[in-house]
Amino acid sequence: MHKLGIDIGSTTVKLTLLDGVGELVFSRYQRHFSDIQQTLRELFQAASEEFTNVQFVACITGSGGLTISQWIGVPFVQEVVAAAKTVAVVAPQTDVAIEIGGEDAKIIYFTGGIEQRMNGICAGGTGSFVDQMASLLQTDASGLNKLAENHKVIHPIAARCGVFAKSDIQPLINEGAAREDLAASIFQAVASQTISGLAQGKPIRGNVAFLGGPLHFLPQLRERFIASLNLGEDNVIVPENSHLFAAWGAALSASGDAFNFEQLLHNLENNKVISHEIARMDRLFEDEAQLDAFKKRHEKATLPRRDFASYSGQCFIGIDAGSTTTKLAVISEDGELLHSHYGSNEGSPLRMITKALKEIYSKMPAGATIGGACATGYGEYLARAAFNIDYGEIETVAHYKAAAFFEPNVDFILDIGGQDMKSMRIKNGVIDNVLLNEACSAGCGSFIETFAKSLNMDIPSFADIALFAKNPIDLGSRCTVFMNSRVKQAQKEGAEVADISAGLSYAVIKNALQKVIKITDPSEMGEKIVVQGGTFYNNSVLRAFEKIAGCEVLRPDIAGLMGAFGAALVAREQVQGIAGDAGNDSKSGILDLAELEALQIDSSMARCGICENNCMLTINKFGGGRVFISGNRCERPLGKQTSDAPRGQDLYQYKYERIFDYSPLPVEEAHRGKVGIVRALNLYENYPF
């Protein structure tokens, strides 16, 4: 009798059918984009067309398989057990098997008895991690593999979580590191995470089999494992259908009642049981009328525009080189918006800024001149060096300048960007307090983008379906990886994509209020609140903020351009004078069109070598003597401190001398005896005082 194996993973569904002698006669591997039921339906129908009325026993496995097994009446087997069974049959010479899936990773030791190790709730260093990192480089997993083929340098990147990895990768992108090197570094991070996190020091020796979709479809990822483990060619096992091993093992484990595909389709359609473990939240909008009133209210905060082609006089350029996007704004002497650009970095912020500047020059009329330019954001220093930009401003100040332009009495600003989130309290026209997210970017724009892509949707569509979601799921305010677990659970409970999207909108705001601002009472934010950042173009996120905060806020129509607009205002202020005096005939030093055309960027890597840190430096040369060096831990590679420069006083040595150079009393004068103080922890720090 035939045997059917079904593997429902976190991102894919695999189907295998074995004939009576155990030969694989049918297989499918397909992403489910969180619609497991529809994907299974398609696979069953495809198999049914080839194997009409064929009877088989079946078994199901995978992280999403338990609930489905109850729906369709098929036995369940744990996925590590299933994969181990296939290895024993197909590759019995295997000593260790390493399997990477969509959100899980496993190592199975076969020598000396089977020992199985699997990641827990953290999906760092898995297939979904690779997908997230690929999106940062504006490619997909296969594109990442192609880039890695030509790498030269491996950068250290954290893989324990996609969020921390972004914190490592984004500065490298902004500093001009080669995409090929970043791609290989991402694969190395996955290998290091899996080996260190699961093996935990236990040697991986002998014949090693590589299983799972990512290791099957991404040879460069496999190469990083082979290099890390120092495996010889004879010790590497790459089975032909390594991405199907769990489903294959489920088929080998199949027993019990016989089915055909028509019966499974019937059970799938009619036996669905839904139970809610994940709480639901209020709808964002009840009807279209409520949404229309919401949109009209927010249309009032609109920046005055002016036709660029007919403009005459000085104009000012603001450049916001953000974590995932590049924004430019050109304003008039009166602060009117003449031109703007908002686009993805596509892994190369310098290339995007060059393209945007050329577009400005092509539209700028003969009567207009550039009076000044200012840069802000992650890539401020790189952009200033590359394009000879006049001024730089810290992004918090730039954002405040822009917010104050719309609401002079603003007392609270919340900005949610691609990877950063910050809040500013304003008192008497001065920034009184600034709070920023630190290593974690959960709840930022890239957080929503990653979820949208995992569901095979673009961001506008993903945002729109949330507006009238009937039962938004409560995802809390935890990290992306932990939230994935709640999303998977909600999917098993039959939650629709609209409910997930609306739940994510609530989660973004909860994360901002509870994890970044850390407030318990939303009224503490103040009365005049301005929200900005590209994430707030998403009406569902904006609505979630107003519902949770219990107030109406102001969202400028250029919410995503506020950093660039604020930088342009700073440039105007610098040229015209803080008092708003009439502009002069000064001209910006920013590269003109001819200089842009001639601009050549020479990037190279080098070890510093000045001290024992031996920092890996990224050196960008732009011509005209302009150089930007990054990757340094101190200023010595920049030539700002030489080895013979006078050193400051060693305060620790001074402290130890002050503490331990005290002479004790002579024994005859120590009438109260002798006291010993342990020189450990913090005890001795305070004893003289």
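Counting only protein chain heavy atoms and rolling a 1.4 Å probe, the accessible areas of 298, 216 rank, largest first, as 216, 298. Simple point charges give the picture: +1 on the Cβ of Lys and Arg, -1 on the Cβ of Asp and Glu, and for the chain a dipole about the Cα centre of about 980 debye. With θ taken as phi - 60° and the Karplus curve 6.51 cos²θ - 1.76 cosθ + 1.60 applied, the whole-hertz 3J(HN,Hα) list for the range 299-310 is 6, 6, 7, 10, 6, x, 10, 8, 5, 5, 4, 9 Hz, x standing for glycine and proline. What you get for the range 306-416, charging only the Cβ of Lys and Arg (+1) and of Asp and Glu (-1), is a dipole of about 500 debye around the Cα centre. Share of carbon and sulfur in the accessible area of the chain stands at 48%, probe radius 1.4 Å.
So, for the chain, what is the accessible surface per residue at a probe of 1.4 Å, expressed in square angstrom?
Working: 31070 Å² over 689 residues.
Per-residue accessible area for the chain comes out at 45 Å².
Rolling a 1.4 Å probe over the protein chains gives residue 547 an accessible area of about 80 Å².
With a cut-off of 11 Å between beta carbons, the residues surrounding residue 183 carry a summed charge of 0, where Lys and Arg count +1 and Asp and Glu -1. The phi torsions of the range 25-34, fed into the Karplus equation with coefficients 6.51, -1.76 and 1.60 and a -60° offset, translate into couplings of 10, 7, 8, 9, 9, 9, 5, 9, 6, 6 Hz, rounded to whole numbers, with Gly and Pro shown as x. Once the Kirkwood radius over Cα pairs is known for the range 280-368, the Stokes-Einstein relation at 10 °C and 1.306 mPa s delivers a diffusion coefficient of 102 µm²/s.
If packing is taken as the average count of other Cβ atoms within 10 Å, what order do 26-38, 385-397 fall into, highest mean first?
Working: 26-38: 17.5, 385-397: 20.4.
For the peptides 26-38, 385-397, the packing ranking is 385-397, 26-38.
Taking 29 Å as the limit for the C-alpha separation, the pairs 146/510; 515/621; 106/453; 166/422; 106/515 exceed it in the case of 146/510; 515/621; 106/515. Gain on full extension, evaluated as 0.36 nm per residue between residue 70 and residue 115 minus their Cα-Cα distance, stands at 13.4 nm. Its alpha carbons considered, the chain gives a radius of gyration followed by a Dmax of 30.0, 105 Å.
Highest mean packing comes first when the peptides 285-292, 331-338 are listed by Cβ atoms within 10 Å, giving 331-338, 285-292.
The values are calculated or read from the model by the stated rules, or taken from the named source; none is laboratory data. This is a predicted model, so every value here is computed, not measured. Quick reminder, even Gly has a Cβ in these numbers, built from the backbone with ideal geometry, and neighbours come from all protein chains shown. To get the accessible areas, we keep the full protein, side chains included, count just its heavy atoms, and leave off ligands, DNA and RNA. Shrake-Rupley method; radii C 1.70, N 1.55, O 1.52, S 1.80 Å.
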